[in-house]
Amino acid sequence: MNVGIPKETGAGERRVAVVPDSARLLKKAGVSVLVESGAGVGATHADREYEEAGATLVPTAQALWSDADAILKIQPPGPGGPGGRPEVEALREGSVLVCLLRPLSNLDLVRALVARRVTSFSMDLVPRTTRAQRMDALSSMATAAGYKAVLLAATSAPRFFPMFVTAAGTMAPSRVLVIGAGVAGLQAIATARRLGAVVEGYDIRPAVKEEVESLGAKFVGPTLSAEEAQDTQGYAKALSAEARAKAQDLLRARIPQADVIITTARVPGLPAPRLITAEDVRKMKPGSVIVDLAADMGGNCELTKPGQETVAEGVVIHGPVRLAATLPVHASQMYSRNITAFFQLLVKDGALNLNFEDDIVRDTCVTHEAPISRFSRSRSSSASRSSPRFR
Ligand code: NAD
């Protein structure tokens with residue numbers, strides 16, 4: 001079985017799905033690893049390192065996509081494939097694709113995968129269970145993004161983060177408000193604290209209060225019950241109108257106090273909740289900074305422009321959509337471990353062995369070319385999370 005690692009083609013994408021150490025592990029699982037020449041360069045891995053790990057270098061994208069029985073990548077197949085064709089058309093019929101597919105935002109792509117009888121798995125659907133922790137690419141990328149968001153804010157803020165006591169006087173520390181204390185938010189809180197800022201953490205899930213406080217920040221979320229704020233998987237859910245108004249009032253009082261806001265709030269399957277209005281931005285101090293990590297889902301701030309930096313009312317608003325890609329070495333290393341651990345579930349003795357009785361394989365699968373009867377029989381009613389699946 002040939003497993004192909006292409007060079008990512010998305011704008012600004014410097015990560016690679018599989019680093020040389022993981023290529024070595026894939027070889028041990030009995031598969032042949034094909035790597036497109038230059039695939040690892042953005043993440044500082046030269047072709048030679050892949051060869052030393054036992055991979056075969058393939059000179060062109062065309063050769064890689066046409067020889068691969070399975071493609072492991074980061075971004076969903078994009079428009080810039082071999083020979084100027086879309087990457088999805090370069091996938092071999094009946095082959096396997098594993099990437100961060102985000103199927104609900106990429107329905108046309110999913111239809112194209114069905115048409116090519118591709119069996120696809122989306123790393124963003126890996127269940128958040130203890131057994132799947134090694135494969136949790138969402139957490140890996142959120143860790144990188146949460147950290148980098150604070151650095152981005154610190155470099156565009158016109159003030160220090162820590163307090164400085166100098167002969168020229170005492171400089172007050174920056175006040176940072178982190179909205180959404182999931183994986184990215186907690187990492188942002190930890191990073192802002194390390195830089196010496198005074199940090200507040202806001203979330204609607206009461207369960208995060210302790211985590212926020214354990215990082216040395218103040219929890220400023222509303223007092224909602226767990227039932228009101230989160231689903232059975234521990235994710236936030238859409239609030240009732242009454243709970244939303246209560247939460248919003250509290251947040252509205254915190255926003256003008258902040259020099260920096262890092263906002264990360266998401267509700268799975270829905271557009272990002274709109275938490276900062278244009279009016280809220282108007283009440284912020286000039287020179288304040290917002291980094292909106294929910295920009296790819298529409299943004300938590302009404303004025304966010306995805307992928308852009310804007311200035312409104314003297315407030316700098318960043319809407320980064322691929323922040324993890326700006327840390328290509330560690331982001332690739334983490335993703336590579338996640339996708340390799342996942343792919344090891346799909347192979348046995350060097351051949352594809354799809355076990356849909358396994359909840360991780362089942363929940364992560366988006367399209368599958370096997371006969372419907374076999375697939376339906378293997379669907380268990382105990383599926384931990386309903387994932388979209390297309391045949
Ligand atoms: P996420 O990216 O889905 O959302 C980010 C944060 O936004 C969450 O903390 C959420 O509560 C918050 N949020 C949503 N709506 C909001 C609103 N209106 N106002 C304020 N905040 C709002 O979250 P995530 O980082 O993917 O984590 C989600 C859950 O999964 C958490 O409970 C986390 O602890 C859990 N998790 C478990 C594992 C594991 O067990 N392996 C791994 C990672 C995460």
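Any read-out appearing in this document is the output of simple, stated calculations on the displayed coordinates, not a laboratory observation. Keep in mind it's a predicted model, so treat the numbers as computed, not measured. Cβ atoms come from the backbone with ideal geometry, glycine included; neighbour counts cover every protein chain shown.
Here are the numbers:
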{"quantity": "Test item: Cα-centred dipole of segment 264-378, Lys/Arg +1 and Asp/Glu -1 on Cβ, debye", "calculated": "80 debye"}
{"quantity": "Reach of K28 by Cα under 28 Å, taken over lysines that are not fewer than 8 positions away in the same chain", "calculated": "K7, K73, K348"}
{"quantity": "Sum of -39500 (n - 2.57) over DSSP H runs of 4+, divided by residues of the chain (222 nm, nearest 500)", "calculated": "-9500 deg cm²/dmol"}
{"quantity": "Radius 9 Å from Cβ of A43, net charge of other residues (Lys, Arg +1; Asp, Glu -1)", "calculated": "+2"}
{"quantity": "Nearest-ten-degree value, helix 137-156 long axis tilted from longest Cα axis of the chain", "calculated": "40 degrees"}
{"quantity": "For segment 221-327, with +1 on Lys and Arg beta carbons and -1 on Asp and Glu, the positive-most of S288, A272, I255 along the dipole", "calculated": "S288"}
{"quantity": "Gained length - A115 relative to A351, 0.36 nm times residue gap less alpha-carbon distance", "calculated": "82.6 nm"}
{"quantity": "Whole-Å distance, taken between Cα centres, linking segment 252-274 and segment 74-119", "calculated": "32 Å"}
{"quantity": "Hull-based mean projected area of segment 106-163, where the convex hull spans the alpha carbons, in square nanometres", "calculated": "7.0 nm²"}
{"quantity": "Cα centre as origin, Lys/Arg/Asp/Glu Cβ charges: the chain dipole, Debye", "calculated": "280 debye"}
{"quantity": "Contour minus Cα-Cα distance for D249 and T44 (0.36 nm per residue)", "calculated": "69.1 nm"}
{"quantity": "Of all DSSP beta bridges in the chain, antiparallel share, percent nearest 5", "calculated": "25 percent"}
{"quantity": "Extent along principal axes [Cα atoms of the chain; Å; largest to smallest]", "calculated": "65, 49, 35"}
{"quantity": "Positive dipole terminus of the chain, leading residue within N106, S240, L64 (C-beta point charges)", "calculated": "S240"}
{"quantity": "Interatomic Cα distance distribution for segment 167-306, bins of 5 angstrom, percent", "calculated": "2, 10, 20, 24, 21, 13, 5, 2, 1, 1, 0"}
{"quantity": "Cβ-defined net charge surrounding S32, 10 Å radius [Lys, Arg +1; Asp, Glu -1]", "calculated": "-1"}
{"quantity": "Scaled radius of gyration (Cα, divided by 2.2 N^0.38 Å) that segment 1-136 gives", "calculated": "1.01"}
{"quantity": "Percentage, to the nearest whole number, of Cα pairs in segment 58-116 over 19 Å apart", "calculated": "20 percent"}
{"quantity": "Over segment 84-225: Kirkwood hydrodynamic radius from C-alpha pairwise inverse distances, Å", "calculated": "18.2 Å"}
{"quantity": "Convex hull of Cα atoms in segment 208-283, direction-averaged projection (nm²)", "calculated": "5.8 nm²"}
{"quantity": "Net charge over other residues, Cβ less than 12 angstrom from the Cβ of A154 (K, R count +1; D, E count -1)", "calculated": "+2"}
